[in-house]
Amino acid sequence: MIAYVGLGKVMRTIPREFFVTSGEAFSSISQLNAFDHALKNARIEQCNLVPVSSILPPTCQERGWKKVSAGSITHTVMARMDGVGEATIAAGIAWAWEERMRYGLVAEASGHMEREALRTILRGRIDEMADARGVQIQDASFRIEVLKVPLKTFGCVLAALIFLP
């Protein structure tokens with residue numbers, strides 16, 4: 001995360017906390033409205049979301065949901081899937097700590113599938129991330145949303161890891 005301090009000065013900060021949330025929604029109007037409703041259901045609709053890659057800093061602590069001030073620039077690792085009429089859509093994230101707690105990894109995935117298929121994909125992704133780094137991870141945690149979209153309806157599912165300063 002970057003915080004701007006005065007003219008031309010930049011202070012780099014590392015997130016101290018994170019929480020995981022998810023949402024699902026329908027709209028008869030548009031895909032964008034379904035996404036907006038899913039953000040509301042995840043209770044992050046007031047944030048300006050900025051996607052980041054998938055590393056948890058070593059001192060970052062998981063916590064429960066926390067209200068973020070409206071308009072805040074909010075860094076997130078997010079999985080999102082949109083669908084229209086009679087589709088099954090899924091989005092999820094997995095996160096795990098390197099065994100010595102030096103840092104954590106986050107994997108995201110989405111698609112037209114059921115919960116167990118998405119969980120298998122997420123498990124494979126986080127395991128491969130650990131293998132590529134030559135580290136062992138502790139047990140992974142998962143947050144998955146699956147939605148069956150009705151005919152003539154737009155749907156959206158999302159899962160997000162939200163970083164807090």
Those residues that are part of a strand (DSSP E or B), of a type outside the set (A, V, I, L, M) and under 20 Å from I14 (Cβ atoms), I need them from the stretch 93-109; list them, please.
W95, W97, E98, G104
Given the stretch 1-92, what strands (runs of 3 or more DSSP E) lie entirely inside it while holding 2 or more residues that are at pLDDT 95 or above and touching a helix residue (DSSP H, G or I) at 6+ places or on another chain (Cβ under 6 Å)?
17-27
Leading residue by the ranking (farthest from P58 (Cα to Cα)) among those in the stretch 126-142 that are within 18 Å of the chain's Cα centre (by Cα) and buried (at least 18 other Cβ atoms within 10 Å of the Cβ)
F142
Is the stretch 110-121 home to any residue that is surrounded by fewer than 24 Cβ atoms within 10 Å (Cβ to Cβ), closer than 27 Å to T13 by Cα and at pLDDT 95 or above?
no
On the basis of being among the polar types (S, T, N, Q) and farther than 17 Å from F19 by Cβ, does T74 make the cut?
no
So in the stretch 54-77, with the set limited to residues that are touching an Asp or Glu at 6+ places or on another chain (Cβ under 7 Å) and among the hydrophobic types (A, V, I, L, M, F, W, C), which one is farthest from A107 (Cα to Cα)?
C60
Looking at R115, R80 in this structure, which one is without any contact (Cβ under 8 Å) to a residue 40 or more places away in the chain and of a type outside the set (A, V, I, L, M, F, W, C)?
R115
M81 fails exactly one of (1) out of contact with any Phe, Trp or Tyr (no Cβ under 9 Å at 6 or more places or on another chain); (2) closer than 16 Å to V157 by Cα; (3) surrounded by fewer than 15 Cβ atoms within 10 Å (Cβ to Cβ), namely (3)
In the set V135, V146, V157, the lone residue that is assigned to a loop (DSSP other than H, G, I, E, B) and touching an Asp or Glu at 6+ places or on another chain (Cβ under 7 Å) is V135
Residue list for the stretch 138-161, restricted to those being among the β-branched types (V, I, T) and modelled with pLDDT under 95:
none
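The values are calculated or read from the model by the stated rules, or taken from the named source; none is laboratory data. Just so it is clear, the structure is predicted and the values come from calculations on it, not from any experiment. We place every Cβ from the backbone using ideal geometry, glycine too, and count neighbours over all the protein chains shown.
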